[in-house]
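The structure appears right after this line, and notes come after that.
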Amino acid sequence: ITLVYGPQLDTDKIAFLQELRDVRAACDGPWMLCGDFNLIYCDEDKSNGNLNRRMMGRFRRTINDLALKEVYLNGRRFPRSNEQSPPTLVHLDRVLCTPDWEELHGECHLRCLASVVSDHSPLPLDCKPVPPGHRRFHCEEFWMRLDGFHDIVASAWHSVHDDDPFWRLMRRMQITARKLTSWSTRTVGNVRLKLAISRELFLMLDTAQESRPLSPHEDWLRRQIKASYLGLASLERTIARQRARIATLKDGDANTSFFHRQCTYRRQKNRIHNLTVNGAPISAPCDMVAAAYAHFDALLGRETPRDCGLDLSELITPTNLDDLDAPFDAEEIWNAVKRLPAQKASGLDGYTAEFLRACWPIVRQDFVDAFQRLYEMRGRGFCSLNQALLTLLLKRADARGLGDFRPISLIHLVAKIFAKVLSLRLAPKLCSLISTCQNAFIPRRSLHDNFILVRQSARLLHQLGAPRALLKQDLARAFDTIS
């Protein structure tokens, strides 16, 4: 650990950066340095445009050359203020670390306290591991490529029977999740532990090979360990890639450590450690859960009285929609399953679209029966499959209150497929149902048409020469309330 306090003069800052390089050259292994660097490396680190870009470039090159990564600062953007009016806010205090240090302390949490007695805010760094919580079932993508996966799914799926298609589907998904979790523990286990054991055994055999010839059994064991290690290394990389949730890279474009670091960054950024509710900070998990439930319960599903309304019959041209009431068939449901996006977050059930595509012959009839019950408008019992997991994503870096988070609803896989089937039926009708003035999210229409329309309107008004006004209306938080 290295503590720093950066100098003020540019010449001293250059010597300071060189000193950091010398310290790193003499310090092998995991390294963390923190303090007031008196330097920034990007425009977002300062609240005004008075920037020394030459020193910014030097600091940025030093960080890149030393392979350093900044620990994510939760809750604040600028830990330092010059206490003037108006104030200049700067991000001078930071914590940098090497990748191997981050692997050892991936669960660390850096936050910012109030600047009471100084113009710098204290930055406490908590390196203790977060208490492990209850792990939900999650269907891993690499399971589908392992031997025995389809046999486990088939035996578990057909081991439960129920006359009600909704309850039968729910119970079969639950028992299959338990069987798959147990099978994965026996078959895959702890991949990192197996890799460490394989390396240790391989080292022992290599050491013995230098002093004597290996016996036929030892030579066979050495070859088996090597083949097993290559398979485990590929499996570890697949798991890390899936959990990193990076869909823009092709296979072979990044190594396993890159995906592990991306997972660590996502955990540090997305974990909510505290909230501010009605001006009071809360940090206990049970209190934050209760506050989040009360906040979104007041927004979702509450009908508010309105003084006026819209007569949709005057806005929408009547269109024949009788084909939307056609019964569902297996081919239509399968087409919706194939159109589901890949590698997306699962809902409360833990299943993904990849599971359905891999096991569709096994689960097809149960989905057809459930859809037939929905078509008959006999939805009693569908509540067990119509559940969702509400997760919160940051709207801004200094998020504090619940209004600073964007709720994302991860719905049940069955409800997701049902919505997909209905959307595919409705998609060909959208062009005739929605006015041509609306361009967003409509097939064969472009959102850029609105920009072209505004530009042409502005030119026309300018040519007319008469006084005119163009109003741009922005609806803040337009979709935060749903009824």
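All of the numbers you see were taken from the coordinates with simple rules; none came from a lab. A quick note: this is a predicted structure, and the numbers were derived from the prediction, not measured. For neighbour counting, all protein chains shown are included, and Cβ atoms are generated from backbone atoms with ideal geometry for every residue, glycine included.
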(message) Using 0.36 nm times the number of residues separating ILE175 and ILE442, minus their current alpha carbon distance, what extension gain do you get?
(response) 92.1 nm
(request) Place the peptides 22-28, 70-76 in order of packing, highest mean first, counting for every residue the other Cβ atoms within 10 Å and averaging per peptide. (result) 70-76, 22-28
(request) Give the peptides 452-458, 95-101 in descending order of average Cβ contacts within 10 Å, highest first. (result) 95-101, 452-458
(request) Filter the GluC sites (Glu not before Pro) in region 331-440 down to the DSSP loop ones having no more than 12 other Cβ atoms within 10 Å, then list what survives. (result) GLU376
(request) Per DSSP H run of n ≥ 4, the term is -39500 (n - 2.57); total these for the chain, divide by its residue number, and report the mean residue ellipticity at 222 nm rounded to 500 deg cm²/dmol. (result) -14500 deg cm²/dmol
(request) Give the relative contact order (percent, whole number) for the chain; include only Cα pairs under 8 Å separated by 6+ residues. (result) 13 percent
(request) Provide the per-residue ³J(HN,Hα) series for region 91-108, in order, calculated from phi with Karplus coefficients 6.51, -1.76, 1.60 and θ = phi - 60°, each as a whole number of Hz, with x at glycine and proline positions. (result) 9, 9, 8, 8, 10, 10, 8, 8, x, 5, 5, 5, 5, 6, 10, x, 9, 5
(request) Could you name the aspartates and glutamates whose alpha carbon sits less than 20 Å from that of LYS13, not counting residues in the same chain fewer than 8 places away? (result) ASP22, ASP36, ASP43, ASP45, ASP65, GLU70, ASP93
(message) Per residue of region 141-148, what does 6.51 cos²θ - 1.76 cosθ + 1.60 with θ = phi - 60° give for ³J(HN,Hα)? Whole Hz please, x for Gly and Pro, Karplus curve as stated.
(response) 5, 6, 4, 5, 9, 9, 5, x
(message) For a quick check: sort LYS179, LYS269 by the number of other beta carbons within 10 angstrom, fewest at the front.
(response) LYS269, LYS179
(message) Classify region 40-188 from the C-alpha gyration tensor, please: rounded if a/c falls under 1.5, else prolate or oblate depending on whether a/b exceeds b/c.
(response) prolate
(message) Cut-off under 22 Å on the C-alpha distance; same-chain residues fewer than 8 positions from LYS226 excluded. Which lysines are left, in chain and number order?
(response) LYS194
(request) Normalising by the residue count of region 2-126, find the relative contact order in percent from Cα pairs under 8 Å and 6+ residues apart. (result) 26 percent
(message) Residue by residue through region 369-386, what is 3J(HN,Hα) from phi via Karplus (6.51 cos²θ - 1.76 cosθ + 1.60, θ = phi - 60°)? Round to whole Hz and write x for glycine and proline.
(response) 5, 5, 5, 5, 5, 5, 5, 7, 6, 10, x, 5, x, 6, 4, 5, 10, 10
(request) Could you tally up the Lys pairs in region 275-433 with alpha carbons closer than 24 Å? Skip any pair fewer than 8 positions apart unless they're on separate chains. (result) 8
(message) Using amide H atoms built in the peptide plane, which far-off residues or other-chain residues are under 5 Å from GLY6 H to H?
(response) ASP36, PHE37, ASN38
(request) Starting with the highest mean, order 377-388, 34-45, 309-320 by the number of other Cβ atoms within 10 Å, averaged over the residues of each peptide. (result) 34-45, 377-388, 309-320
(request) Post the alpha-carbon centroid distance, region 43-98 to region 319-385, in whole angstrom. (result) 50 Å
(request) Arrange the following residues from fewest to most other Cβ atoms within 10 Å of their Cβ: GLU83, GLU218. (result) GLU83, GLU218
